[in-house]
Ligand code: AMP
């Protein structure tokens, strides 16, 4: 069975074609700058060098057409025609309280994606655009949705999900903590358990997805019990590229009352002009932050310190929330690549049993291996694990189509088995 995975972001489309069972990636690609000038598609067939083309993609429709064009291309394609693709698995950010695991897309699911756009206005509409276009090209094939909210929203206890505001706002508007980036947290925590040789039900893990957007999940016995990003995709928790993370709720109110900002302007500042960009005044890319801090730029140094201190606080508080931990996992662009962030985030946590080996930490870089970076004596294992959300989507879609899917905490993923080879190694 050939399964296409599609992830439509606001200005990008990430895709992959998988041969299942066996989780063999046939091709992967990324279309950037959708709806903007100077679009780019990078298409990689397994075992070959990437092909890069400059082309403009005015809409998500144009981008999805290009995905099928490249997959069926005479020189760079991996299938003869679209009919050889058996199913499409779509990443959707917000499934609300209703969708707590991956599902086959039907009219009710489409309506739920539209309804939940109120909670994820930057994401759900783009996800839906991708679904509509792919359904037009593959009208008779099954399409599945895998939700970013599902892993955490389904399992967190009320004490973690409820905000201490009048209960009626939960009842009227569904204001609660959902948690995001669940496909990534699911993948890396299952891999960490596998690397420890334990079933995921036997270990407590703090999972750190640190990228442009960042989240931390407390996963106890395979179940998410708390998550840093709460109600919206733009708010709480860790310091991100342009988003503030944890904030005294009176600050936006103060800005609106005393700095003359409208609600939209306050939102723009907190979502797009805060985070390490707001603190440094110049940089979003953490490589630039590290370089500038090293060169003595005090604002860049401040941004780095605030970001890493916030991560450290979450490791501590989630360790307490779970009554102790067995592992910490770093993933995503910053988590996989920045030894500086990992070292600073774990500084002073020896009292929790977390000890980093500096040489192993420095050596863990790039999507080439899963690394254990803790010392031999460290009671808590610290891992760097390249994430693979698309693989979770493909495995879920295959299982749904074969009618053997179950909720994530009961479903045993192939990537939990010993001998599993990560996708980046299979890509050659
Ligand atoms: P993501 O959203 O997961 O794609 O992560 C994007 C972030 O990863 C950007 O802020 C990059 O600066 C950061 N990143 C990539 N490589 C490195 C590196 N070597 N050191 C620090 N940050 C990095």
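Need at least 2 residues that are surrounded by 15 or more Cβ atoms within 10 Å (Cβ to Cβ) and at negative phi per element, so show me which strands (runs of 3 or more DSSP E) inside the stretch 36-148 make the cut, counting only ones lying wholly within it.
Fully inside the stretch 36-148 and qualifying: 40-45, 87-92, 143-147.
Is it true that some residue in the stretch 256-271 is in contact (Cβ under 8 Å) with a residue 24 or more places away in the chain and in a loop (DSSP other than H, G, I, E, B)?
No: the stretch 256-271 contains no residue that is in contact (Cβ under 8 Å) with a residue 24 or more places away in the chain and in a loop (DSSP other than H, G, I, E, B).
Could you say whether any residue in the stretch 333-353 is surrounded by fewer than 16 Cβ atoms within 10 Å (Cβ to Cβ), more than 16 Å from the ligand (Cβ to nearest atom), assigned to a loop (DSSP other than H, G, I, E, B) and on the phi > 0 side of the Ramachandran plot? It would help to see each step written out before you state the result.
Let us first name the residues in the stretch 333-353 that are surrounded by fewer than 16 Cβ atoms within 10 Å (Cβ to Cβ), namely 343, 347-348, 350-351.
Checking which are more than 16 Å from the ligand (Cβ to nearest atom) leaves us with 347-348, 350-351.
Then drop every residue that is not assigned to a loop (DSSP other than H, G, I, E, B), which leaves 347-348.
Filter once more, so that each one left must be on the phi > 0 side of the Ramachandran plot: 348.
Within the stretch 333-353, one or more residues are surrounded by fewer than 16 Cβ atoms within 10 Å (Cβ to Cβ), more than 16 Å from the ligand (Cβ to nearest atom), assigned to a loop (DSSP other than H, G, I, E, B) and on the phi > 0 side of the Ramachandran plot.
Working carefully through the options 79, 67, find the one that is more than 24 Å from the chain's Cα centre (by Cα) and within 20 Å of residue 423 (Cβ to Cβ).
Residue meeting the stated conditions: 79.
Which condition does residue 394 not pass, out of (1) surrounded by fewer than 23 Cβ atoms within 10 Å (Cβ to Cβ); (2) in contact (Cβ under 8 Å) with a residue 12 or more places away in the chain; (3) in a helix (DSSP H, G or I); (4) within 22 Å of the chain's Cα centre (by Cα), if it passes all the others?
(1)
Could you list, in sequence order, the residues of the stretch 299-331 that are within 16 Å of the ligand (Cβ to nearest atom), touching a helix residue (DSSP H, G or I) at 6+ places or on another chain (Cβ under 7 Å) and assigned to a helix (DSSP H, G or I)?
Within the stretch 299-331, 300, 301, 303, 304, 306, 307, 308, 311 qualify.
Which one is farthest from the ligand (Cβ to nearest atom), of the residues in the stretch 217-229 that are outside any strand (DSSP E or B) and surrounded by 24 or more Cβ atoms within 10 Å (Cβ to Cβ)?
Of all residues in the stretch 217-229, those outside any strand (DSSP E or B) come to 221-222, 228-229.
Subsequent filtering for residues that are surrounded by 24 or more Cβ atoms within 10 Å (Cβ to Cβ) retains 228-229.
Values: 228: 15, 229: 14 Å.
That would be 228.
Where the second residue is within 16 Å of the ligand (Cβ to nearest atom) and not in a helix (DSSP H, G or I) and the first is closer than 12 Å to residue 204 by Cα and modelled with pLDDT of 95 or more and lies in the stretch 314-334, which pairs have Cβ atoms under 6 Å and are six or more apart or on separate chains?
329/207; 329/385
Residues are listed down the side, and each one gets a yes or a no for (1) in contact with a strand residue (DSSP E or B) (Cβ under 8 Å, 6 or more places away or on another chain); (2) under 21 Å from residue 98 (Cα atoms); (3) in a loop (DSSP other than H, G, I, E, B):
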| residue | (1), (2), (3) |
| --- | --- |
| 172 | no, yes, no |
| 206 | yes, no, no |
| 215 | yes, no, no |
| 233 | no, yes, yes |
| 248 | no, no, yes |
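Being within 13 Å of the ligand (Cβ to nearest atom), within 22 Å of residue 236 (Cα to Cα) and within 24 Å of the chain's Cα centre (by Cα) is the filter here; which residues of the stretch 258-290 pass it?
Of everything in the stretch 258-290, those that are within 13 Å of the ligand (Cβ to nearest atom), within 22 Å of residue 236 (Cα to Cα) and within 24 Å of the chain's Cα centre (by Cα) turn out to be 275, 276, 277, 283, 284, 285, 286, 289.
Select, from 111, 136, 100, 144, the only residue that is in contact (Cβ under 8 Å) with a residue 60 or more places away in the chain and under 20 Å from residue 9 (Cα atoms).
Result of the check over 111, 136, 100, 144: 144.
Within the stretch 344-354, is there a residue that is under 21 Å from the mean Cα position of the chain (by Cα), closer than 19 Å to residue 185 by Cβ and modelled with pLDDT of 95 or more?
yes
What number of residues within the stretch 359-371 satisfy the criterion of being out of contact with any helix residue (DSSP H, G or I) (no Cβ under 7 Å at 6 or more places or on another chain), surrounded by 13 or more Cβ atoms within 10 Å (Cβ to Cβ) and outside any loop (DSSP other than H, G, I, E, B)?
Selection size over the stretch 359-371: 2.
If residue 282 satisfies every condition in (1) touching a residue at least 24 places away in the same chain (Cβ under 8 Å); (2) within 24 Å of residue 242 (Cβ to Cβ); (3) not in a helix (DSSP H, G or I) but one, which is the exception?
(1)
If residue 293 satisfies every condition in (1) free of Cβ contacts under 8 Å to residues at least 40 places away in the same chain; (2) within 11 Å of the ligand (Cβ to nearest atom); (3) in contact with a helix residue (DSSP H, G or I) (Cβ under 6 Å, 6 or more places away or on another chain) but one, which is the exception?
(2)
Have a look at 166, 157 and point out the one that is in contact (Cβ under 8 Å) with a residue 24 or more places away in the chain and either more than 20 Å from residue 120 (Cβ to Cβ) or out of contact with any strand residue (DSSP E or B) (no Cβ under 7 Å at 6 or more places or on another chain) (or both). Give the steps one after another, and end with the answer.
Numbers: 166 fails: in contact (Cβ under 8 Å) with a residue 24 or more places away in the chain.
Going through 166, 157 in turn, just one is in contact (Cβ under 8 Å) with a residue 24 or more places away in the chain and either more than 20 Å from residue 120 (Cβ to Cβ) or out of contact with any strand residue (DSSP E or B) (no Cβ under 7 Å at 6 or more places or on another chain) (or both): 157.
Scan the stretch 187-204 for residues that are within 16 Å of the ligand (Cβ to nearest atom) and either part of a loop (DSSP other than H, G, I, E, B) or in contact with a helix residue (DSSP H, G or I) (Cβ under 8 Å, 6 or more places away or on another chain) (or both) and report the count. If you could, list the steps in order and put the result at the bottom.
Restricting attention to the stretch 187-204, the residues satisfying the condition of being within 16 Å of the ligand (Cβ to nearest atom) are 187-188.
Then drop every residue that is not either part of a loop (DSSP other than H, G, I, E, B) or in contact with a helix residue (DSSP H, G or I) (Cβ under 8 Å, 6 or more places away or on another chain) (or both), which leaves 187.
Here the count works out to 1.
The values are calculated or read from the model by the stated rules, or taken from the named source; none is laboratory data. Since this is a predicted model, take the numbers as computed values, not measurements. Virtual Cβ from ideal backbone geometry, glycine too; neighbours counted across all protein chains shown.
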